[in-house]
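Below is one structure; the comments refer to it alone.
Only the coordinates and a few stated rules stand behind these numbers; no lab work does. None of the values given here were measured: they were computed from a predicted structure. Cβ atoms come from the backbone with ideal geometry, glycine included; neighbour counts cover every protein chain shown.
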Amino acid sequence: MRVTAVDFMSPELIGAAYGAQSDLRQLFEGLLSRAVTLAQPDVSAGIFTVPFPDLINIIERNIDALSANGYMPGDMQPTVEWQGELNDLRRLDYTDVNRWFESIELITGLAWAVSYRGLITGNYSTGSDRTRQIIRTVN
């Protein structure tokens with residue numbers, strides 16, 4: 001998903017970003033048996049404005065959780081800790097929202113690449129970095 005300069009920040013957009021993160025979390029569990037805990041933003045009906053730092057930082061911290069432990073692609077842009085109002089060096093804009101979705105795409109590609117690098121030789125898994133090796137038991 002991509003947004004443009006004429007799009008507005010909305011609870012639906014936050015929900016779409018979280019949905020993509022949740023899909024990636026499930027992919028990690030299915031491909032790599034890697035459990036990632038994500039915080040879910042409250043975008044329930046009746047919320048008419050987006051609390052700037054609170055909801056935005058949930059998405060940013062979820063990206064940090066997904067990219068932790070060696071799963072940060074080299075070309076991924078870093079996340080931001082938003083303070084809100086005039087405390088930030090620059091204002092949130094559509095490029096930040098696009099950065100969220102680009103980060104999710106890059107981490108997804110990395111997860112698929114790591115899953116293909118696993119050397120399957122048996123029942124057990126060693127290591128916690130990108131290169132996983134499954135080793136067999138010795139009878």
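Observations
- Per-peptide packing, taken as the mean over residues of other Cβ atoms within 10 Å, places 4-11, 66-73, 32-39, 53-60 in the sequence 53-60, 66-73, 32-39, 4-11 from highest down.
- FRET efficiency for the residue 23 to residue 44 pair, using the beta carbon distance and R₀ = 25 Å, is estimated at 0.80.
- Residue 80-residue 5 pseudo-label distance in nm [points 7 Å out on the Cα-to-Cβ vector]: 1.6 nm
- Ordered by the number of other Cβ atoms lying within 10 Å of each residue's own Cβ, fewest first, 82, 100, 112 fall into the sequence 112, 82, 100.
- Shown is the FRET efficiency for residue 89 and residue 37, computed with R0 = 25 Å from the Cβ-Cβ distance and rounded to the nearest 0.05: 0.30.
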